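The values are calculated or read from the model by the stated rules, or taken from the named source; none is laboratory data. Keep in mind it's a predicted model, so treat the numbers as computed, not measured. Here the Cβ is made from the backbone with ideal geometry for all residues, glycine too, and neighbour counts use every protein chain on show.
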Amino acid sequence: MSDAAKEEFGDPLSRPFWRAAERRQLVVQRCAACGRHQFYPRPFCLGCQSDRIEWVKASGTGTVYSQSRLHMSAGPGFEPPYVVAVVELDEGPRLVTNIVGGDCNIGDAVRVTWRDRVGAPPLPVFEPVRGGR
Ligand code: ZN
């Protein structure tokens, strides 16, 4: 894939997210009117309907909100068993992701790490923070 094609990964709404992912930086939307963070990207704020949405760097840390261990392959890079989780970021939004690098319990602290992919930006996944934070 050429660099030009790579830059166009994602739709216009999610493109800033994938451009940041190329640099292994996790970003979320923040409403400039009320300060609320949100993810996945939307053209307006879910809290106050403002369209004054900006992208900001997330801390990359959060807690496990829910998780399931799956024993079926979902394709390359998802060799079973693997853990699908909902992680609540410290900024508030929740995202569906994978837990890698060890077992977690609900409520455990995790931090973002990146899974490299061929022909697409790295995917944010999460790993346990050993010893808490
Ligand atoms: Zn708002």
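General remarks:
- Number of positions in segment 89-106 that are touching a strand residue (DSSP E or B) at 6+ places or on another chain (Cβ under 6 Å) and over 15 Å from residue 28 (Cα atoms): 7
- Scanning segment 19-38 for residues that are within 16 Å of the ligand (Cβ to nearest atom) and either surrounded by 14 or more Cβ atoms within 10 Å (Cβ to Cβ) or of a type in the set (A, V, I, L, M, F, W, C) (or both) returns 28, 29, 30, 31, 32, 33, 34, 36, 37, 38.
- Condition check for residue 79: of a type in the set (Asp, Glu), over 15 Å from the mean Cα position of the chain (by Cα) and more than 16 Å from the ligand (Cβ to nearest atom): yes
- Considering only residues in segment 39-66 that are at pLDDT 95 or above and among the aromatic types (Phe, Trp, Tyr), the one that is farthest from the ligand (Cβ to nearest atom) turns out to be 65.
To keep it simple, each residue is scored yes or no on (1) of a type outside the set (S, T, N, Q); (2) surrounded by fewer than 12 Cβ atoms within 10 Å (Cβ to Cβ); (3) touching a His at 6+ places or on another chain (Cβ under 7 Å).
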| position | (1), (2), (3) |
| --- | --- |
| 72 | yes, yes, no |
| 88 | yes, no, no |
| 91 | yes, no, yes |
| 95 | yes, no, no |
| 104 | yes, no, no |
| 108 | yes, no, no |
| 126 | yes, no, no |
| 130 | yes, yes, no |
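- Hits in segment 40-62 - residues which are part of a strand (DSSP E or B) and buried (at least 17 other Cβ atoms within 10 Å of the Cβ): 53, 61, 62
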